[in-house]
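These notes are about the structure you will find just below.
The values are calculated or read from the model by the stated rules, or taken from the named source; none is laboratory data. As the structure is a computational prediction, the values presented were derived from the model and not from experiment. Here the Cβ positions follow ideal geometry from the backbone for every residue, glycine too, while neighbour counts run over all protein chains shown.
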Amino acid sequence: MDGLGDLLRGIRADGALFDRRLLPPEASAEVASGAPLTLYTVIRGSGRLVPDGGPALPLRPGDTALVRGCPPVTFVADAHPDRDASPKPNRDTDATTELLSGAYRAHADIGRRLPAALPQSLLVPDDEGCDAVLGFVSAEVAADKPGQQFVLDRLLDWMLVCTLRAWFDRPEAQPPAWYLALADPVVGAALRAVHDAPARPWTIAALAAEAGVSRTSLAERFTTRVGKPPLTYLTEWRMALAADLLTERDATVAAVARRVGYADPFAFSTAFKRVRGLSPTAYRSTRAA
């Protein structure tokens, strides 16, 4: 099981919003995308990204900030922009700061699990090595070529994965409890089993056998590490997968039910409504709208 991979499950940019700003020293600009998740990267120069209600995030060349939700966001270029380690040669005046942003325009593109695992804003410095293709991204945004939107969508997905991979390795990150619990030899074994085969008819006894402990030991340890009992977590994980599957155009409720371990679509619908607050059909209609 790949913890980050499961957080990213179902995430796929579709019509990503990209913006490239060139700012002279000390200039400021409102750069909010109005989207649920936005990445900001300084290609050259330096400045401060200031989300409304959050701390200012200093950005040097190659640094990437992520802002969750749709707060007003302002970028202020430094009076003397830092030109060190700029990942791309200057194309404009030396004093110009270049800011690139990429945004997931709809909640359907990012699901619910990932935003819940992130702070309102975060910063990943360039020393994490995520700037390998930033110059290429900048050039693609400035160009007008066939298939450009498709290319930009995939580049935004790449930037998100790279940024989050670096973020969750940092000491200030606060990943969800189950993500941390993967390191526990007992709980991690049960989590991997659930994530790798969610449709299996899991019981406490079966999960305990996977972990090599008694049912009581697993239940107590799992609840302590993850914050909920194993079968409660199993149901919530199945419903998270089902929510993604329901957005697929040709997937029926019965087919989704089978894929997450329910032979009876009515039992699945009852569980889905209990966890998500909507029936599968109503949820699908809401996401489509």
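Among residues of the range 268-285 being surrounded by 14 or more Cβ atoms within 10 Å (Cβ to Cβ) and among the polar types (S, T, N, Q), the one that is farthest from the chain's Cα centre (by Cα) is Ser269.
Screening the range 243-267 for residues that are under 18 Å from Ala197 (Cα atoms) and touching a Gly at 6+ places or on another chain (Cβ under 8 Å) and picking the one that is surrounded by the fewest Cβ atoms within 10 Å (Cβ to Cβ) gives Asp244. Pairs meeting the criteria (first residue in the range 14-30 and within 12 Å of Thr96 (Cα to Cα) and touching a residue at least 24 places away in the same chain (Cβ under 8 Å), second residue buried (at least 16 other Cβ atoms within 10 Å of the Cβ) and among the acidic types (Asp, Glu), beta carbons under 7 Å, at least 6 apart or on different chains) are Leu22/Glu98; Pro25/Asp78. Counting the residues of the range 197-222 that are more than 24 Å from Arg258 (Cβ to Cβ), in contact with a helix residue (DSSP H, G or I) (Cβ under 8 Å, 6 or more places away or on another chain) and either small (Gly, Ala, Ser) or in a helix (DSSP H, G or I) (or both) gives 10.
For every residue, the table says whether it meets (1) surrounded by 21 or more Cβ atoms within 10 Å (Cβ to Cβ); (2) not aliphatic (A, V, I, L, M).
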{"residue": "Pro25", "(1), (2)": "no, yes"}
{"residue": "Gly45", "(1), (2)": "yes, yes"}
{"residue": "Arg48", "(1), (2)": "no, yes"}
{"residue": "Ala56", "(1), (2)": "no, no"}
{"residue": "Leu59", "(1), (2)": "yes, no"}
{"residue": "Val67", "(1), (2)": "yes, no"}
{"residue": "Cys70", "(1), (2)": "no, yes"}
{"residue": "Val76", "(1), (2)": "no, no"}
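Selection of the range 91-112 for residues being of a type in the set (Val, Ile, Thr), modelled with pLDDT under 85 and within 25 Å of Glu26 (Cβ to Cβ) yields only Thr93. Of the residues making up the range 167-185, those that are more than 16 Å from Leu231 (Cβ to Cβ) and either part of a helix (DSSP H, G or I) or more than 20 Å from the chain's Cα centre (by Cα) (or both) are Trp167, Phe168, Ala177, Tyr179, Leu180, Ala183, Asp184, Pro185. Take Arg284 and tell me if it is part of a helix (DSSP H, G or I), of a type in the set (D, E, K, R) and modelled with pLDDT under 90. Yes, satisfied.
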